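Quick notes on the structure that follows.
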Amino acid sequence: MIILIIKELISNLAILVTTLLLYTQTTSKKPLETSSLVSKKIIAGFLAGVLSNVLMQYSMNLGETIVDLRHVPLIVVTYYGGTLPGIIAMFFIIIGRFMIGVNSSSLAALIMIILITSVTVLSKQMNVRKSMKIFTALTASNIIFTVIISFLIRDLNTMLVLAPSFWILSYTAGFTSFYIIEYVRKNQRVLDYYKSEATTDGLTGLNNVRKFDEIFNQVSSQAKQKNERLSLLFIDIDHFKTVNDNYGHKEGDQVLIQLGEILKNTVRSFDVVSRNGGEEFTVILLDCPTERAEQISETIRKNVEMHPFSLTTGETIHVTVSIGLASYRETTESTNELLKDADDALYEAKKGGRNRVCIA
């Protein structure tokens, strides 16, 4: 009897862990949360109900009573998704249990599942650590199971083996399930962070030069295919070395951050702003002719010139920028020359006295 009980419950544990690992891997980018869309919660509740029904197919039969770990997917989906997916999973578990057989055991299972859903919802509202919430839900579930099963199985020897085995594997399955989910989610967050770091400038939050190159290649190909205009701005802060020398690099960083905000707020929402390194910024103006690009460039130049850049000391300073502009199909017929032309135009702007816009 002992071997049979442990064997069946371990089978449930293996199925549960494998299924949860596959599910969390496939949904790691958009995990289930209480704030998730209703449609996502419905699907999650349905899947949890299906998994619980699968576990019931590998349950241990003690007469009319079947014992398994069907409550664990219910607790997991209720904990992460809230009441709605929990109720949906509960509904499918109840249906699945009655399809196996309608008797006193299935009626007891109905009561048990409703109570477990309720205590999980309540434990989620507790103002305690996450691990304590999980422990509370699992403990309450184990107590509910033990009380109900004691009315169904009157054999004391069977209960002395079944109850401890169930508690041990229930805790093991529950905490293993939550560990897997949290582990996969943590890894995804780390992966997303490093992906962001690889393409984002850490100081300003703008695209870095690697992301700029990637986007520029994409939009250049698109401009060729669709016969669109494409304008490019090279922007450089005038005498930025003086700012760093007089106020320090920490204050220079404040200027860079605020300039990034000015650029984002000045250009159109679909244009691409990047920090290519140091005090050098670029703006890719999509489907934008030279005349319109010049207007945007002048607006940027004026906004920067008029902006009081705040330092951490409370002091404000003023800086200016020089801008080089080049446009595909107007100043050049080759997207390959666009970068060079914009850079050359920037050089002319700086050479001509700075704080100005020059067109290639």
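The values are calculated or read from the model by the stated rules, or taken from the named source; none is laboratory data. Bear in mind the structure is a predicted one, so any value in this text is a computation, not a measurement. Cβ atoms come from the backbone with ideal geometry, glycine included; neighbour counts cover every protein chain shown. SASA here: full protein model, heavy atoms, side chains in, ligands and nucleic acids out. Shrake-Rupley method; radii C 1.70, N 1.55, O 1.52, S 1.80 Å.
The figures follow:
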{"read-out": "Value of relative contact order over the chain, rounded to a whole percent, pairs C-alpha under 8 Å and six or more apart", "value": "13"}
{"read-out": "Max mean-square fluctuation residue, GNM over the chain, Cα-Cα springs under 10 Å, options Asp271, Asp287, Asp245", "value": "Asp245"}
{"read-out": "Rounded accessible area per residue of region 1-137, 1.4 Å, Å²", "value": "50"}
{"read-out": "Listed residue (Gly252, Leu55, Thr199) projecting farthest to the positive dipole end of the chain, Cβ model", "value": "Leu55"}
{"read-out": "Amide H contacts under 5 Å for Leu286, placed H, 5+ residues apart", "value": "Val272"}
{"read-out": "Electrostatic dipole magnitude of the chain [Cβ: Lys, Arg +1; Asp, Glu -1; Cα centre; debye, to 20]", "value": "1500"}
{"read-out": "Hits among lysines - C-alpha to C-alpha of Lys30 under 20 Å, sequence gap 8 or more where chains match", "value": "Lys40, Lys41, Lys186, Lys195"}
{"read-out": "Correct choice for Rg and Dmax of the Cα atoms in Å that was computed from the model, options (i) 31.5, 97; (ii) 25.3, 90; (iii) 24.7, 76", "value": "(i)"}
{"read-out": "Within the accessible area of the chain (1.4 Å probe), percent carbon and sulfur", "value": "58"}
{"read-out": "Per-pair calculated FRET efficiency, R0 = 51 Å: Leu191 and Ser118 via Cβ, rounded to 0.05", "value": "0.90"}
{"read-out": "In nm, spacing of pseudo-spin labels at Met159 and Val209 (7 Å Cα→C-beta vector)", "value": "7.5"}
{"read-out": "Region 87-170 - percent relative contact order, Cα under 8 Å, separation 6 or more", "value": "25"}
{"read-out": "Gaussian network model of the chain, springs between alpha carbon atoms under 10 Å - residue of Gly205, Gly314, Gly174 with greatest fluctuation", "value": "Gly314"}
{"read-out": "Formal net charge of residues neighbouring Ser334 (Cβ-Cβ distance under 13 Å; K, R +1; D, E -1)", "value": "-1"}
{"read-out": "Å² of accessible area per residue within region 255-360, as computed with a 1.4 Å probe and no ligands counted", "value": "46"}
{"read-out": "Cα lying deepest toward the dipole's positive end in region 1-153, options Thr34, Ala137, Ile94, charges on Cβ", "value": "Thr34"}
{"read-out": "Per residue value of the accessible surface for region 173-221 (all protein chains in place, 1.4 Å probe), Å²", "value": "56"}
{"read-out": "Inter-label distance, nm, simple model (7 Å from Cα along the C-beta direction), Thr18/Gln222", "value": "4.4"}
